[in-house]
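A quick write-up on the structure given underneath.
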Amino acid sequence: MNTTNKNAQDAVNPLQEARREKLRKIAEMGIDPWGGRFDNSQPIAAIRARQNEIVTVATGDCHVGEPPHTHGPQVRAAGRIVLQRRAGKLMFLDLRDWTGQIQLLIGKAQVGERNWQLAQLLDLGDIIGVDGELNRTRTGELSIFVSQLHFLTKALEPPPEKYHGLQDPELRQRMRYLDLTYNEGVMQRFLKRTQIVQSIRQTLASHGFVEVEGPTLHAIAGGAAARPFITHHNALDIDLYLRIALELHLKRLLVGGFERVYELGRVYRNEGISPRHNPEFTMMEAYQAYGDYRTMMDLTEQIVLRAIEAIGADPARMQFAGQKLDFTPPFARRTYDEVFTEHTGVAADDMEAIRRYAAHIGLETAGKHPDVIKSEVFEAKVEDALIGPLFVMDYPASICPLTKRKPGRPEIAERFELYVCGMEIANAYTELNDPDLQEELFSRQLEGLPEEQSMARMDRDFIRALRHGMPPAGGLGIGVDRLVMLLTDTPTIRDVILFPLLRPEAQ
């Protein structure tokens, strides 16, 4: 065994054993150290909000540590002990739940011998419940003056050190349970994620959309150009793919008569990990019959604005990575070619100049379609410069196989992407519903692809569905994780996903 690791273990074991000894003593008192039902506790934030009920009274005894002649409401709280201080026959604890934190004051004379004996067996990290009076100490600290102590769960492992604890990013993500408990702001960020997701659903419902659940195991990986995860179904003896997109099954529902439909769920892409990419991520895709990509622009603005309001922020005063942002609608709208020329200095229709520029910045150009080269230059040199919020619209049609062409301009696809601080947040189309053109574009896209790549086989059932008639429609996809990153000013996607993919822990 590595000497350093052995010494670390030896250092921890006495702490663990001390906690187990307290566990035994709690059990000897006839108290279940793993607790049980504890009804009618109030969120700490709600308890703190009752401080205006503390009133001055003319007479009456006061508690130890309490300013004389004040009286507060009786409250009940439950949570984890995150700070502990002792002063003779007084004990001060900080109790935290998922809404906030409050000080507890435990006095031996006020709680009685049995509760005081139990209080001596408390450790940082233990989960307890208390009954008591909300009041202020002589120093003005809002506190619960405990009258009854309830033991709910013993923590057998010590928490991370307060100042040198859980700071390593990988450890924080691997032990998210500790990150949530002991690192400031983490719980609030993930609660905001929940509020954002709820807001997306509410906004879509208010526009008449219905939520559905499509399959996560696909016989053909389609709907995006991405490498899938492959699994095997034993009973049917066939390989299946974890879905890389939600699109093709939702469009089948448009054919079936669902006129406004969406799904919010996980998709999986067997690709790299970066501050903006995780192999497992959350997408929202929505499809509206009789709409187009401009319809989806309006819907996207509504979704983003309502999400900002849901977390209590001001759309005109947002910030991400030090960049001030204004989400006051309408968001700016510019064409792909306009922003391409602005940020490269190369005319968007001069393919030879674009090829030379691509080679100059180190991109491989041999054997690539001109629009693919143009797209790679856009990703390399344009995206990061787009502060936004900005709708970039009207993309080269050749890189958009599922998108309707602009009337009179078949080289242009009716597609937009919403960019903020160099991140693509949303992607939307006027959906292609011509089955013959769709089949032709799929065939062209799949030509020469090896079997193991996504979309190497055409989804012929999807083409068959289109032949039964899909109404003209607008479609929208929003990367939920990136939206949460943006609205919570979080620099990496791994800090808005509760359990991002990690390498297996070394044994």
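Distance distribution P(r), segment 188-300, all Cα-Cα pairs, bin width 5 angstrom from 0: 2, 10, 17, 20, 19, 16, 10, 4, 1, 0 percent. Of the residues ALA109, HIS233, ALA321, the one whose Cα sits farthest toward the positive end of the charge dipole of the chain, with +1 on the Cβ of Lys and Arg and -1 on the Cβ of Asp and Glu, is ALA109.
With R₀ set to 51 Å, the beta-carbon distance separating ARG464 from ALA347 gives a calculated FRET efficiency near 0.75. Working note: Debye formula, equal point scatterers on the alpha-carbon atoms of segment 183-224, no solvent; log10 I(q)/I(0) at q = 0.28 Å⁻¹ is -0.90.
Averaging the Cα positions of each part gives two centres, and for segment 66-103 and segment 458-487 these lie 52 Å apart.
Using a cut-off of 31 Å between Cα atoms, the listed pairs LYS22/LYS89; LYS324/LYS404; LYS25/LYS89; LYS192/LYS324; LYS324/LYS406 include LYS324/LYS404; LYS324/LYS406 as exceeding that distance. Mean projected area of the convex hull spanned by the Cα atoms of segment 74-127, taken over all viewing directions: 3.8 nm².
A simple spin-label model places pseudo-atoms 7 Å from Cα toward Cβ; at SER274 and ASN52 they are separated by 5.0 nm. In this structure, HIS233 and PHE499 have a Cβ-Cβ separation that, at R0 = 22 Å, corresponds to a calculated FRET efficiency of about 0.30. For the chain, what is the per residue volume of the convex hull drawn over the alpha-carbon atoms, in cubic angstrom? About 222 Å³ per residue, rounded to a whole number.
Hydrodynamic analysis of segment 64-167 uses the Kirkwood radius over alpha carbon pairs. Inserted into Stokes-Einstein at 4 °C and 1.567 mPa s, it gives a translational diffusion coefficient of 92 µm²/s.
For segment 354-427, what is the per residue volume of the convex hull drawn over the alpha-carbon atoms, in cubic angstrom? Here the figure is 92 Å³ per residue. Relative contact order, whole percent, for segment 251-355 stands at 15, derived from Cα pairs under 8 Å and 6 or more residues apart. When restricted to Cα atoms, segment 324-377 yields an Rg and a Dmax of 14.0, 44 Å, respectively. Start at zero, step by 5 Å, and the Cα-Cα distances of segment 244-309 spread as 4, 15, 19, 20, 19, 15, 7, 1 percent across the bins.
The chymotrypsin sites (Phe, Trp or Tyr not before Pro) of segment 141-198 that DSSP puts in a loop, and whose beta carbon has at most 14 other beta carbons within 10 Å, are TYR163.
Give me the extension gain from ARG138 to LEU90: residue separation times 0.36 nm, minus the current Cα-Cα distance, reported in nm with one decimal.
Working: separation 48, 0.36 × 48 = 17.28 nm, distance 1.36 nm.
Using 0.36 nm per residue and subtracting the Cα-Cα distance, I get 15.9 nm.
Once you keep just the Cα pairs under 8 angstrom separated by 6 or more residues, what percentage relative contact order results for the chain? List each step's numbers first, then the result.
Details: 913 pairs, mean separation 63.3, N = 507.
Computed over the chain, the figure is 12 percent.
Full extension of the chain segment joining GLN188 with GLN202 gains 3.0 nm, where the gain is 0.36 nm per residue of separation less the Cα-Cα distance. Shape index of segment 244-384: Rg/Rh, with Rg the Cα radius of gyration and Rh the Kirkwood radius from the inverse mean 1/r over Cα pairs, equals 1.02. Placing a label point 7 Å from the Cα of ASP326 along the Cα-to-Cβ direction, the residues of segment 378-404 with a backbone N closer than 16 Å are 387-391.
Values quoted throughout were computed directly from the atomic coordinates according to the rules given, and no laboratory measurement underlies them. Quantities reported herein were computed from a predicted structural model and do not represent experimental measurements. Please note: Cβ atoms are built from the backbone with ideal geometry, for glycine as well, and neighbour counts cover all protein chains shown.
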